[in-house]
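Contents: one structure, followed by commentary.
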Amino acid sequence: MSSSSSAMLHTSPLRRYALLASNPPASTSYSTRAMAIELATLPLPASADASKFADFGREVKGVNLGSLTEEQLKEIQELLYKHDVLLFRDADVTPEQQFALTKAFDPTSAVYGHGNNKTGKTTLSILHPDLKTIPRVPQVQLIGNGMVYNHEGLAEAKLKHPHHKTFHKTHISDEDEEKGATRFYRWHIDAALYDLSPPKVTTLYGLSVPRGGKQVCRYDDGTGDELEVPLGTTAFVSGRTMFEILPPELKSLAVRSKVRYAPHPYVWMAPAHAKSTGLGIENEGLEMSFDDLPPWEQSKVKTFPILWKNPVTGGLHFQVHPCGVSELIVDPLPADAKKTGNELYPDGAHIKDLGAVRDILYKMQRPAIAPNLVYPHDWHEKDMVLFHNRGVLHTVVGAFKEDQVRAFHQCNLAASDDPIGPSEEDIKKWA
């Protein structure tokens, strides 16, 4: 074992980050001078309701992500949980440093959120075409569009930006797409949702970012909702806002409910089609039978509260990946709850009818993806975005032509624990 590896085993988690980040390839140099962190609000589009984004998202200035001090790292961790999305412009970050930064939020985590080298080999998974693993750092994935050559140990990689026509039940016409119409692909949380625990943070680093005109994201759900977006944006919505804007009877339902995910949910959902908003699956009965899935164990099936508690603010975030849910479990109202007559499932329920489960979740989640509540990030090369994966939902958006090369590094790590749900005080307050 090398001296640096030995040192890694006998140091604090924060110091471990410093050791990882301070050993980049010899061709890269870093300043060791500590700089003061500065914050700026994110550039919201005209479509956004600024009042709903008062605490959401910050651009962080005055730091070098390759050589953070322990104090800076602690501050960034707290800022992420407070603001949910952090943007660092003009970042120079190696795959090793990106892995180290991601790991610093959960120091005992070690594998990619879907398992190292697992997703690419699971050809039945709906995620299979989207991810290419960096060979020497299997926790970091290469995603994007077009052909990439001689990249971080990959001789060549054919990347494909997810397109709604491969997943949605209905499609935008080729003519409308040529004019710039597009859709949200799939609103989700980065998580395996089976066996492994949902990552706490995802880091997303833009290496090659094609420029182009704006596109118009259509909801195509009868509402007439549309959102102008930058080409190839990543769109975010706040799980905190998703909960806060619910009427009282749905807040009560959310605080008392858990969702159960299907085994191997990305294989299970692969034959099915998504809604035009990208927020869940249409009820066509096309999901794979549990009996036909790869081998699975009941003990590894994930059941999570609908609301996840923020470790810094104590707030509740509505965190459900609607595409993978198979059951809804509702606890009864507390014995001392004051009933108004509007409560849903006051005696509790275990809902296994898939159509009913999806309808309930859609009613709860759809208001939060309204155009004025979406932050569509306008990517530039060397943007590093950190997002609180247990506090936001996000989606790929847009369509690229084959010759538009886009290359990003993505890293998230299966967490060392499962999310924490509402406390007894939360339940008393909201039920």
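Restricting 290, 304 to those that are in contact with a helix residue (DSSP H, G or I) (Cβ under 9 Å, 6 or more places away or on another chain) and aromatic (Phe, Trp, Tyr) reduces the list to 290. Restricting the stretch 172-188 to residues that are crowded, with 17+ Cβ neighbours inside 10 Å and among the charged types (D, E, K, R) leaves a set whose member that is nearest to residue 362 (Cα to Cα) is 186.
Say whether the condition of being at pLDDT 95 or above, of a type in the set (A, V, I, L, M, F, W, C) and crowded, with 17+ Cβ neighbours inside 10 Å is met by at least one residue in the stretch 340-349. Yes, some residue in the stretch 340-349 is at pLDDT 95 or above, of a type in the set (A, V, I, L, M, F, W, C) and crowded, with 17+ Cβ neighbours inside 10 Å.
With respect to the conditions (1) assigned by TED's automatic domain parsing to the domain that holds residue 393; (2) free of Cβ contacts under 8 Å to residues at least 12 places away in the same chain, residue 203 falls short on a single one, namely (2). The residue list 206, 212, 222 contains one member that is in contact with a strand residue (DSSP E or B) (Cβ under 9 Å, 6 or more places away or on another chain) and either in a loop (DSSP other than H, G, I, E, B) or crowded, with 17+ Cβ neighbours inside 10 Å (or both), which is 206.
Only one entry in 102, 108 is assigned to a helix (DSSP H, G or I), modelled with pLDDT of 90 or more and among the β-branched types (Val, Ile, Thr), namely 102. Any residue at all in the stretch 118-140 that is at pLDDT 95 or above and in a strand (DSSP E or B)? Yes, that holds for at least one residue. Within the stretch 146-171, residues that are buried (at least 18 other Cβ atoms within 10 Å of the Cβ) have Cβ atoms under 9 Å from residues that are at pLDDT 95 or above and acidic (Asp, Glu) in these pairs: 168/220; 168/282, counting only partners at least 6 apart in sequence or on another chain.
Of the strands (runs of 3 or more DSSP E) lying entirely inside the stretch 291-389, those carrying at least 1 residues that are closer than 24 Å to residue 187 by Cα and of a type in the set (A, V, I, L, M, F, W, C) are 303-305, 307-309, 316-318, 325-330, 349-351, 384-388. With respect to residue 249, determine if the residue is in a helix (DSSP H, G or I) and on the phi < 0 side of the Ramachandran plot. For residue 249, the condition - in a helix (DSSP H, G or I) and on the phi < 0 side of the Ramachandran plot - is met. Residues that are of a type in the set (Phe, Trp, Tyr) and under 19 Å from the mean Cα position of the chain (by Cα) occur in the stretch 247-270; there is at least one. What number goes with the only condition from (1) in contact with a helix residue (DSSP H, G or I) (Cβ under 7 Å, 6 or more places away or on another chain); (2) crowded, with 23+ Cβ neighbours inside 10 Å that residue 191 does not pass? Checking residue 191 against (1) in contact with a helix residue (DSSP H, G or I) (Cβ under 7 Å, 6 or more places away or on another chain); (2) crowded, with 23+ Cβ neighbours inside 10 Å, the one that fails is (1).
Between 293, 307, the distinction of being out of contact with any Cys (no Cβ under 6 Å at 6 or more places or on another chain) and surrounded by 23 or more Cβ atoms within 10 Å (Cβ to Cβ) belongs to 307 only.
Of all residues being among the β-branched types (Val, Ile, Thr) and assigned to a strand (DSSP E or B) in the stretch 225-241, which is farthest from residue 389 (Cα to Cα)? Just the residue, please. Ranking the candidates gives 229 first. Give the residues of the stretch 357-402 that are within 17 Å of residue 41 (Cα to Cα) and hydrophobic (A, V, I, L, M, F, W, C), sorted by residue number. 373, 374, 379, 384, 385, 386, 387 - these are the residues of the stretch 357-402 that are within 17 Å of residue 41 (Cα to Cα) and hydrophobic (A, V, I, L, M, F, W, C).
Against the definition (on the phi < 0 side of the Ramachandran plot and surrounded by fewer than 19 Cβ atoms within 10 Å (Cβ to Cβ)), how does residue 363 come out, yes or no? Criteria met by residue 363.
The values are calculated or read from the model by the stated rules, or taken from the named source; none is laboratory data. A quick note: this is a predicted structure, and the numbers were derived from the prediction, not measured. FYI the Cβ positions are ideal-geometry reconstructions off the backbone, even for glycines, and counts take in every protein chain you see.
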